[in-house]
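Q: Input: one structure, supplied below.
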There are 2 protein chains.
Amino acid sequence: MNDREGRPAGLRERTRRAVQAEIVEAAMRLFLEQGFEATTMEQIASEIGTSRRSLFRYFGTKEDIVLGDHADHGKVLQAALEARPAHEPPWEALRAALKQLVESLPYSPRDFLKITSMLHASPSLRARQHEKRQQWTELLVPDIARRLGAAADPMAEVRARALVACALSCSEVATEVWVRSEGTVDMEQAFDEAVAAVRG
Amino acid sequence: MNDREGRPAGLRERTRRAVQAEIVEAAMRLFLEQGFEATTMEQIASEIGTSRRSLFRYFGTKEDIVLGDHADHGKVLQAALEARPAHEPPWEALRAALKQLVESLPYSPRDFLKITSMLHASPSLRARQHEKRQQWTELLVPDIARRLGAAADPMAEVRARALVACALSCSEVATEVWVRSEGTVDMEQAFDEAVAAVRG
DNA sequence: CCTAATGTGTCACTCAGTGCCAACTAGGTA
DNA sequence: TACCTAGTTGGCACTGAGTGACACATTAGG
């Protein structure tokens, strides 16, 4: 049985984590130096003295080296959303959850800016990121549907999905402007401005 | 000079169009039969008696065979938006433009459903489609910014981008639900429901 | 008819990603 | 100790998208 959910964490598990971290570290350095597309898996592999094949055992795709945490962020967001008061209106709850997510990130503003810039510069990275964000939607919709008052109506799903999708769009717009201004504009304020414009 | 914008349309231009159409026809047949990922460029090439290399001269990527028109749709949308009365509020104008775009599509509902289903089934297709949609945004933002009353404010751009992004998100949600219901629910109604929920 | 531009197929290449196999290693058992 | 099993690793060969170079054909236009 593979029941271990993180308790004693045998040697195998520990080395796996260590190698994983080493890969991410080396890869990110190369990505930021030469760009994402210009860096090959071969380079990353030889950089840490392993084989191309092994890289693919740790990360299914090149993009996952960068976006590995992104799926987890969805769960953080979900938890933050569900921790909000049950009758808080959708937009407020989503706003609070997103704010909490941003604050939970372990990056310095400097690093976050560099990484986000890279993300925006590479089409394939943007694509994967969007893909993962779509999965966030699935996690958040049930909570929002609850807040809207559960109706079996197929349109109830539309309402919840639209709210989540638009909240994420607003956050994306805010982030984009923040990146393009090189961190000048306030992201939180931009988000609020975006929401205000949408709600007309 | 390459000034010809479609007037006499010499033999070269005509054959090019014809071959292009032939490629799309054959490719779409194969895609719908066996799925997008399962069909190789080699197959498509030999299907119409040409070489793999030539396919790439007509379409830069495999995805473009399906999404070739998608960029043009952006221009249709832009034109439709700009044709709306100058003081019509953003949401109404966007709604009208999107409606006009959908009505301009040459597909039967049957075909449109099949194609859209395929689009949703293939990750790489979804990714490219989203990429192209992002370019739509660039086309629409200026008009919306105008409707919001031009301010040099960097936040003015945020407001316009947010509106466009959310309108596209709502249309995406509506389309998605429409596909999943296999054409049962009314797409236009779903869109309105989405917008209403977002505007709270 | 001649020539400059354009289209075509072939070949060779890069790179991401996958399946397979043989060698090794950790961890528990007799 | 010796042994067994399961997971890890590297190497190899393969697919499939996409690109560059080249030689050869076709066409437009003077």
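Here, each number is a calculation from the coordinates, and none is a lab measurement. As the structure is a prediction and not an experimental result, all values here were calculated from the model. Here the Cβ is made from the backbone with ideal geometry for all residues, glycine too, and neighbour counts use every protein chain on show.
Q: Given Cβ point charges of +1 (Lys, Arg) and -1 (Asp, Glu) and nothing else, what value in debye, to the nearest 20, does the dipole of segment A:69-199 about its Cα centre take?
A: Computed charge dipole of segment A:69-199: roughly 200 debye.
Q: For segment B:69-199, what is the convex hull (Cα atoms) projected area averaged across all directions, in square nanometres?
A: 8.0 nm²
Q: Using alpha-carbon positions, what is the distance between the centroids of segment B:49-108 and segment A:32-51, in Å?
A: Here the two parts' Cα centres lie 38 Å apart.
Q: From zero up to wherever the largest Cα-Cα distance of segment A:125-200 sits, split into 5 Å bins and tell me the percent of pairs in each.
A: Bins of 5 Å from zero give 3, 15, 20, 19, 20, 13, 6, 3, 1, 0 percent of pairs.
Q: Here is a follow-up. Which is farthest toward the positive dipole end of segment A:48-115 among A:G68, A:Q100, A:A79, measuring Cα position about the Cα centre, with Cβ charges +1 (Lys, Arg) and -1 (Asp, Glu)?
A: Of A:G68, A:Q100, A:A79, it is A:G68.
Q: Continuing with this model, one more query. Shielding of A:186-198 by partners, i.e. mean partner chain Cβ atoms within 10 Å per residue?
A: Neighbouring Cβ atoms belonging to other protein chains average 5 per residue here.
Q: Of A:P154, A:P142, A:P85, which is the most mobile in a GNM of chain A whose springs link Cα atoms less than 10 angstrom apart?
A: In this elastic network of chain A, the residue with the biggest mean-square fluctuation among A:P154, A:P142, A:P85 is A:P154.
Q: As a test of the formula, what do you get for chain A when each DSSP H run with n ≥ 4 contributes -39,500 (n - 2.57) and the sum is divided by the residue count, at 222 nm and rounded to the nearest 500 deg cm²/dmol?
A: Working: 10 runs with 150 residues, N = 200.
The helix contribution divided over chain A gives -24500 deg cm²/dmol.
Q: Suppose the Debye formula is applied to equal point scatterers at every Cα of segment A:11-66; what is log10 I(q)/I(0) at q = 0.29, 0.31 Å⁻¹?
A: -1.31, -1.45
Q: Ignore the peptide's own chain and count Cβ atoms of other chains within 10 Å of each Cβ in B:124-135; give me the average, rounded.
A: For this peptide, the per-residue mean of nearby foreign Cβ atoms is 3.
Q: Okay, next question. Give the cysteines in the protein assembly as shown for which no other Cys Cβ lies under 4.7 Å away, or write none if there are none.
A: A:C170, B:C170
Q: Of the residues A:A86, A:A97, A:A151, which exhibits the maximal mean-square fluctuation in a Gaussian network model of chain A defined by a 10 Å Cα contact cut-off?
A: A:A151
Q: In square nanometres, what is the average projected area of the Cα convex hull of the protein assembly as shown?
A: 25.0 nm²
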